Amino acid sequence: MQPHWLYIATFANGVHKVGTAADTRKWGRLAEQGAMCAQYVAWATDGKVIRVLEDRVTEQLQVRQAVRSSAKAAALALPVDTARLDSATAVLAQRVRDILGPGDDSFRVVDEAWRVAGFRDLASGNRVAYPNDMTSGTHGFTVKACFGQAAVVDIDGESYVVDLHELKGRRVRFGDYCSALPAVQSALF
């Protein structure tokens, strides 16, 4: 019973998702999701209408409504072509607008891109997945950026991706810690 947006989001691995965001959470919802790029495709004064449209997109275009956080984090350890992701998102968003039609009294079709201010450049660097188990031991790093539940961190000048989802429900003690790292090799392709 409040305004909602329908969006198409794309993650670092190129996987697309259709989702909804309350008007008050329009920007934050996509940031929480860890999207690399997204486009809003519809708006309605009633969130129930947007949920019906979300199901229509899933049914007609087979666009999923969820992406695992571990897959999002793992993709950040690979090279990310943001221009390719932007293009693919735009193409899919237009397909969604086409199947939704011009809208009616219950919703309107929109064409609005969502942008991640300042973080996308960090997503295109050379990094590897953080090799240690985050659920035990001590870990020392500097967080450079967060993408949803994943973080790009720096350890002694090297860039890593940490899946922070593993910390849900755990107590974290901040302090001056170090990470003992095994030898790792970044992705070549």
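The values are calculated or read from the model by the stated rules, or taken from the named source; none is laboratory data. Worth saying up front: this structure is predicted, and the values here are computed from it rather than measured.
Out of all the residues in segment 21-57, which are closer than 25 Å to Asp81 by Cα, modelled with pLDDT of 95 or more and of a type in the set (S, T, N, Q)?
The one that is closer than 25 Å to Asp81 by Cα, modelled with pLDDT of 95 or more and of a type in the set (S, T, N, Q): Gln39.
How about segment 67-102: which of its residues are aliphatic (A, V, I, L, M) and modelled with pLDDT of 95 or more?
Filtering segment 67-102 down to residues aliphatic (A, V, I, L, M) leaves 67, 71, 73-78, 80, 83, 85, 88, 90-93, 96, 99-100.
Across segment 67-102, the qualifying residues are Ala88, Ala90, Val91, Leu92, Ala93, Val96, Ile99, Leu100.
With the condition kept exactly as written, say whether any residue in segment 126-133 is in a strand (DSSP E or B), modelled with pLDDT under 90 and among the small types (Gly, Ala, Ser).
For segment 126-133, residues in a strand (DSSP E or B), modelled with pLDDT under 90 and among the small types (Gly, Ala, Ser): present.
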